[in-house]
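For reference, the structure is listed below as C-alpha cells.
The values are calculated or read from the model by the stated rules, or taken from the named source; none is laboratory data. Please read these numbers as outputs of a predicted model, since none were measured by experiment. Methodologically, a virtual Cβ is constructed for each residue, glycine included, from the backbone with ideal geometry; neighbour enumeration extends over all protein chains shown.
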Amino acid sequence: MNAVVRIRRSTVIDAPADAVWRLLRDFNSHRSWHPAIADSRIESGDPADAVGAVRAFRLDDGATLREQLIALSDRDRELTYCLLEGPVPLIDYVASMRLKPVTEGDGTLLVWESRFRPPAEEADRLTRLVAERIYEAGFAALKATFDMRPPTQAPAATRPARPAQKPVTVVDAGPTATPASSASFDSRAILVEAYGGAEVMRPVVVTVPPPGGNEVRLRHTAIGVNFIDIYARTGFLRLLTPPGIPGMEAAGVVTDIGDGVTHLRPGDRVVYACEPVGAYAEFRTMDAGLLVPIPPDIDDETAAAVFLKGVAVEFLIHDVHPVRAGDTILVHAAAGGMGLLFCRWARALGVRVIGTVSTEEKARRALDAGADHVIVYRQEDFVAAVMRLTAGRGVDAVYDGIGAATFGRSLEALAIRGHLVSFGQAAGPVGSWDIGAMASKSVTVSRPNFGHYTTDPVELAGRAGRLFDALRRGLVAPDIDRRLPLVEAAAAHRRLENGDNIGSIILLP
C-alpha cells in the first residue's frame, strides 16, 4: 500500500472569523476566490452547505474534478471534504479547513490540511502540487479577497505589555565581519513580512545596533525552532509585529557589551529562551539580563536544542504537576522535541510513561527515550489503550501540547483526581468547556504560561541549573531531528507544522 502523505498549512487572514467562515462554508465559493478554478457548480441542486453535496468544477488548465462535502460544523467553523474524481492520483484524498480567531485583534487563523496516498514515484510532485498550487495559492487569494473589504477596528489590547520588539532596519548590503568596535553593522536574518504561512519568511540583511545600557550583542551559533515561533509567524499569538524577526531561543557568543553589564564579557557563551522575539539572525543586540551562561561541558547545539523545551519540561514535572515515583502519566506527541525530554526525565524519576505518537517509527524513538508504552493513535484509540494499560484506572496526569484535537479525550484518560496539564495548542485552542462536568472525576486542569515560570532571573537560573545537571547526569539528552541553515527557516517551520520531526530542529547561522 502506498504511504500516506499529510500536508498542513496555515495562514492568518485580516478579517473576523465569522466573515471568513460565511464565505468558506459555501462549498461552491471557491469559484469566486481560488485562482485555479475556472468554473464550478453543485450537483443535483443541493444547498452549497449541505453535508453530502458534490461540487463539480473545472480548473484553469481544463482538468475536471468532483469533491464531496462530508462534514460541516458552524460551531467549530470547520468543514471536511473528499475527492471523488480527479486528473491526478490523489488516492483517498480527504481535506479539512478550520478557522480560529486570533488571540488578539480581529484576524482569523486558517488551517488547511489533508491526507492522501500518492504513488511512491509521484509523491514529491503531488505533495508540492497540493501545498503550493492549491493551499498557498488559495491563501494568497483569500487574503486579497478580504483586503478589498472595509477594514474593521481591532479591540484595544487587554494583555499586559510585552517586552518591546526592536525595530528592524533592512539593508541591501551583504553582512560584514564581526567588528572590533561598538559600531552598527549588518547581519543576515529571517524576516516575517506579514502574518501567514511559512512563505512569509524571507532571508534579508538587517542592521544590528551596538549594545546600549545593560545590553550585549551576540553572534548566534545555533537557533532553536519551536511551535511558538509558528504562532508568532501566523499572528495566532501577537509576539511579533510585522515586519519582524521571529525566534524565541538561541545559543551564541557575546561579542561586545554595553554600560552596566558586569556578569558577562566578550567571548562568553550564553543561551536564552524568552521574549522579545528576534533569534532568527546571525547577530542580535538584547537585554543582558535575559541571558544564561552555558556551562563549559555543554555545547551550543545542545543548549539551543533543549533550553526552551527542557526548562518547560522542568517546571511542568516539578512545579505544575510534581511527579512522584510510581505515578503513571500520558505524554502526547511523545517523539517531538519536548515529548522525548518528557519521556527521559520522567522515567529517570521513576514515573511510568505512556506516550502517543502518529507513526511506528516515532513509537520506536519514544520507547528508546524511556517511554514504557507508546500508543500509535492512528491505529488505536488512545483512551481505550490507556484504560487497558492501567486496568481501567486512568493516568495521574496528562501533559497535552496538542490542544483542540486531544483536550476532551485527555480528560477521559485521567484517573479520579487526575491532572490535565494543557501547555500548548498545536492543533488549535481547546475552546470552552463545562467545568461542572469535570467534577465527575474531580480533575484539575492547568494552562501554564512559560513566561510566568521564567521571568525572574533567579528562578530562571535555578531551572537552567537543574536542566544542565540533568544533561550532565544523562537524565535527559538532546534529540536533534534536523540541522538546517538559517536560510531554510521556512522548511523548518513546514516540517514542524506537519509533525514530521522526531526531536528538535535547530537552525545554523
query: Does residue 83 satisfy the condition of being outside any loop (DSSP other than H, G, I, E, B), under 28 Å from residue 16 (Cβ atoms) and assigned by TED's automatic domain parsing to the domain that holds residue 70?
result: no
task: May I ask you to list the residues in the range 385-425 that are farther than 16 Å from residue 443 by Cα, of a type in the set (Gly, Ala, Ser) and under 27 Å from the mean Cα position of the chain (by Cα)?
output: 385, 401, 403, 404, 405, 424
message: Looking only at the range 297-312, count every residue that is out of contact with any Lys or Arg (no Cβ under 8 Å at 6 or more places or on another chain), in a helix (DSSP H, G or I) and charged (D, E, K, R) and tell me the total.
response: 1
- prompt: Does residue 44 qualify as being modelled with pLDDT under 95, among the polar types (S, T, N, Q) and either in a strand (DSSP E or B) or surrounded by 14 or more Cβ atoms within 10 Å (Cβ to Cβ) (or both)?
  reply: no
message: I'd like to know if the range 97-112 contains one or more residues that are small (Gly, Ala, Ser), closer than 30 Å to residue 240 by Cα, touching an Asp or Glu at 6+ places or on another chain (Cβ under 9 Å) and not in a strand (DSSP E or B).
response: yes
field: Qualifying residue in the range 350-364 (condition: out of contact with any strand residue (DSSP E or B) (no Cβ under 9 Å at 6 or more places or on another chain), over 17 Å from residue 476 (Cα atoms) and in contact (Cβ under 8 Å) with a residue 24 or more places away in the chain)
entry: yes
- request: Pull up the range 88-132, narrow it to residues that are basic (Lys, Arg) and surrounded by 15 or more Cβ atoms within 10 Å (Cβ to Cβ), then point me to the one that is nearest to residue 194 (Cα to Cα).
  value: 100
Test result for residue 216, out of contact with any His (no Cβ under 8 Å at 6 or more places or on another chain), at pLDDT 95 or above and surrounded by fewer than 22 Cβ atoms within 10 Å (Cβ to Cβ): no
- line: The residue from 302, 285, 328, 359 that alone is over 16 Å from residue 448 (Cβ atoms), modelled with pLDDT under 95 and hydroxyl-bearing (Ser, Thr, Tyr) is 359
field: From the options 365, 347, 378, residue that is under 21 Å from the mean Cα position of the chain (by Cα), among the charged types (D, E, K, R) and either within 24 Å of residue 312 (Cα to Cα) or assigned to a helix (DSSP H, G or I) (or both)
entry: 365
- line: So, first residue free of Cβ contacts under 8 Å to residues at least 12 places away in the same chain in the range 186-203, second residue outside any helix (DSSP H, G or I) and buried (at least 24 other Cβ atoms within 10 Å of the Cβ), Cβ within less than 7 Å, six or more apart or across chains; the pairs are none
- request: Just give me the residues in the range 387-407 being touching a residue at least 24 places away in the same chain (Cβ under 8 Å) and part of a helix (DSSP H, G or I), in sequence order.
  value: 387, 389, 407
- request: State which residue is nearest to residue 226 (Cα to Cα) when the search covers only the range 452-509 and only residues that are of a type outside the set (A, V, I, L, M, F, W, C) and in a strand (DSSP E or B).
  value: 504
query: Can we say residue 279 is in contact with a Cys (Cβ under 7 Å, 6 or more places away or on another chain) and either more than 23 Å from residue 500 (Cβ to Cβ) or surrounded by 19 or more Cβ atoms within 10 Å (Cβ to Cβ) (or both)?
result: no
- line: Taking the range 1-14 and the residues there that are assigned to a loop (DSSP other than H, G, I, E, B) and either within 13 Å of residue 236 (Cα to Cα) or among the polar types (S, T, N, Q) (or both), the one that is farthest from the chain's Cα centre (by Cα) would be 2
- prompt: Within the range 408-425, can you find the residues that are in a strand (DSSP E or B) and surrounded by fewer than 17 Cβ atoms within 10 Å (Cβ to Cβ)?
  reply: 416, 417
